[in-house]
Amino acid sequence: MGDNQKRILQMLAEGKISVEEATRLLSLVGAENGTTVNKSSVDGEPKPSPKYLYVRVEPKEGHEKDPENSRVNIRIPVGLIRAGMKLKALIPPQAADEVNRSMQEKGLKFDIRDIKDEYLEELIDALGDTEINVDTKQAGIWIHAE
Amino acid sequence: MNWPPYWLKIRIEDEQHSFPLWLPLFIIGPLVLLLLLAIFLIILPFALLALIFTWELGWWRPVFLFFPAIFCVITQLRGFKVDVGKTNGRVHIVFI
């Protein structure tokens, strides 16, 4: 067991983090070390992958009639994200090299050919625990997956 | 296997009118497929020549994988919903 994992378990024992946070941190540490952590919920049951990604924008009271504000409700099947990632196979090798070169010029040392399907599955599983709420003066924005 | 969506429901509303439209994708889809197949058969000799000349450049990959990838995307469209509304109108699109 690595030092990071021991530190996470210690924080859990001291009550500084919840069980869900500890599970998430352990899975991240495990991914860095090249190992995988058993993905399970608090009850020990395997957590189902999210089926839809929801994006909702609601204008706040008093701003509904502003012409710039829109009410947006989008539901994206997670399978569509998976299928979209398969489109990366259509990128010709020369174009992939150009993309990598452009990203490196911007400081992103990343090869788009390294995106593998198992990384996508981990990302989609993590989406199930992700919830983004943005609160502005004019509208509220919610992004979550379930 | 996931089947493609059967219907596309589009609803466009403004302050005075509402325009719903149900498109039967289970009819339109096969018709479009037949049309694409006919076009593909016509351009097949030229496509094969282009494939031979560009084989070493790696362009064969997008040519072979294009249609399966697009089919994968289409089969996952079921449940995709977009609903955008402003004070003067609303657009609602959903694949069923």
Which whole-number value in Å³ per residue fits the convex hull of the alpha carbons of chain B?
-> 139 Å³
So what does B:Arg11 come to for accessible area, using a 1.4 Å probe and Å² rounded to 10?
-> 70 Å²
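What relative contact order, as a whole-number percentage, does chain B give when Cα pairs under 8 Å and 6 or more residues apart are counted?
In percent, rounded to a whole number, it is 45.
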Could you give the length gained on full extension between A:Ile81 and A:Ala13, defined as 0.36 nm per residue of separation minus the Cα-Cα distance, in nm?
-> 20.8 nm
Stretch gain in nm, segment A:Glu21-A:Arg113, where the contour uses 0.36 nm per residue and the Cα spacing is subtracted | 30.1 nm
Which parts of the stretch B:62-95 would a label at A:Val55 reach, counting a residue when its backbone N lies under 13 Å from a point 7 Å out along Cα-to-Cβ?
-> B:81-84
What accessible surface, in Å², does a 1.4 Å probe find on A:Lys60, ignoring ligands, DNA and RNA and rounding to the nearest 10?
-> 70 Å²
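Determine the total buried accessible area between chain A and chain B, counting protein heavy atoms only with a 1.4 Å probe; round to the nearest 100 Å².
Buried surface at the A/B interface: approximately 1900 Å².
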Paramagnetic reach from A:Arg71 (point 7 Å along Cα→Cβ, amide N under 17 Å) across the stretch B:1-33 = B:11-19
Using the Cα centre as the reference, give the magnitude of the dipole from point charges on the C-beta atoms of the protein assembly as shown (Lys, Arg: +1; Asp, Glu: -1; all else neutral), rounded to the nearest 20 debye.
-> 520 debye
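The values are calculated or read from the model by the stated rules, or taken from the named source; none is laboratory data. This is a predicted model, so every value here is computed, not measured. Heads up, the Cβs are rebuilt from the backbone with ideal geometry, glycines too, and the neighbour counts pull from every protein chain shown. Ligands, DNA and RNA are stripped out before the accessible areas are found, and what is left, the full protein with its side chains, is counted by its heavy atoms. Shrake-Rupley method; radii C 1.70, N 1.55, O 1.52, S 1.80 Å.
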